[in-house]
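Let me begin by presenting the structure, written as structure tokens, before commenting on it.
The values are calculated or read from the model by the stated rules, or taken from the named source; none is laboratory data. The structure presented is a predicted model; accordingly, all values stated were derived computationally and were not measured. FYI the Cβ positions are ideal-geometry reconstructions off the backbone, even for glycines, and counts take in every protein chain you see.
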Amino acid sequence: MRAGVQAESSAEEPKKIRVLIADDHVTVLEGLAAMIGRQPDMVVVAEAADGQEAIDLWTIHRPEVTLLDLRMPKLDGVDVIEEIRKRDSSARIIVLTTYETDTEILRAIKAGTKAYLLKDARREELLDCIRRVNRGETCIPASLIEKVATGLSSEALTGRELNVLELLARGKSNKEIGVSLYISETTVKSHLRSIFRKLNVLSRTEAISVANRRGLIRL
């Protein structure tokens, strides 16, 4: 009789949100695990320190929500999202990162993330996001959506223009860029004019700054 009562009581307990956390910074990982573990409606089922481990642990535990850093060893966050969603297209993944460049955000959204939060988000905001994503909602701040929309409205740079831009960011002159890419200095100038127009800038310095902000190059 007592066993039956216990089983009934257990059945009435609300199901906790099972969370997988993936971050290569130990302090961040442990802090998130402690914070989430204190919530009465959540439980941390696994902690991963790199992208491949995140996929392996997700496959084992199949959590309701995965909290994922964007840049990790072995596989980056976008690769992890894509691999997990190959296994389950309905997987609920939250990107929690320090990066907010247009390209990073767009890549994560295209890969299928349900939420994108910066690591300086308030604790209540993060916990609310986990609960919302668990319910099947998306959780992407309006400010980040605006950044993506701005990026999408811009004309994309070609592969060669990105090559020129990367060398420009390294401080190379037009002549040096031409030598590196085996093109004439005149062609380099033509690419730069196109880059300036597409990025809506007037100088080399401004082009580098805008490109870095959008995640087109990494300084």
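Does the range 172-179 include one or more residues that are basic (Lys, Arg), free of Cβ contacts under 8 Å to residues at least 40 places away in the same chain and either closer than 22 Å to Glu104 by Cα or in contact with a Leu (Cβ under 6 Å, 6 or more places away or on another chain) (or both)?
Here is the first cut: in the range 172-179, the ones basic (Lys, Arg) are 172, 175.
Among the residues that remain, those that are also free of Cβ contacts under 8 Å to residues at least 40 places away in the same chain are: 172, 175.
From the residues that got through so far, the ones that are either closer than 22 Å to Glu104 by Cα or in contact with a Leu (Cβ under 6 Å, 6 or more places away or on another chain) (or both) too are none.
No, the range 172-179 contains no residue that is basic (Lys, Arg), free of Cβ contacts under 8 Å to residues at least 40 places away in the same chain and either closer than 22 Å to Glu104 by Cα or in contact with a Leu (Cβ under 6 Å, 6 or more places away or on another chain) (or both).
Checking Ile145 against (1) assigned to a helix (DSSP H, G or I); (2) modelled with pLDDT of 90 or more; (3) not charged (D, E, K, R), only one condition comes out false. Which one?
The single condition Ile145 does not satisfy is (2).
Is it the case, given these coordinates, that Thr59 is hydroxyl-bearing (Ser, Thr, Tyr), in the same structural domain as Glu137 (by TED's automatic domain parsing) and surrounded by fewer than 18 Cβ atoms within 10 Å (Cβ to Cβ)?
Here the answer is yes, as Thr59 does meet what is asked.
Is one or more of the residues making up the range 100-112 modelled with pLDDT of 90 or more, outside the structural domain of Leu199 (by TED's automatic domain parsing), surrounded by 14 or more Cβ atoms within 10 Å (Cβ to Cβ) and closer than 17 Å to Pro141 by Cβ?
no
Hey, can you tell me all the residues within the range 169-203 that are under 29 Å from the mean Cα position of the chain (by Cα), of a type in the set (D, E, K, R) and at pLDDT 90 or above?
Arg170
Filter the range 72-127 for residues that are of a type in the set (Ser, Thr, Tyr) and not in a helix (DSSP H, G or I) and give the result. Can you show your working first?
Filtering the range 72-127 down to residues of a type in the set (Ser, Thr, Tyr) leaves 89-90, 97-99, 101, 103, 113, 116.
Across the range 72-127, the qualifying residues are Ser89, Ser90, Thr97, Thr98, Tyr99, Thr101, Thr113, Tyr116.
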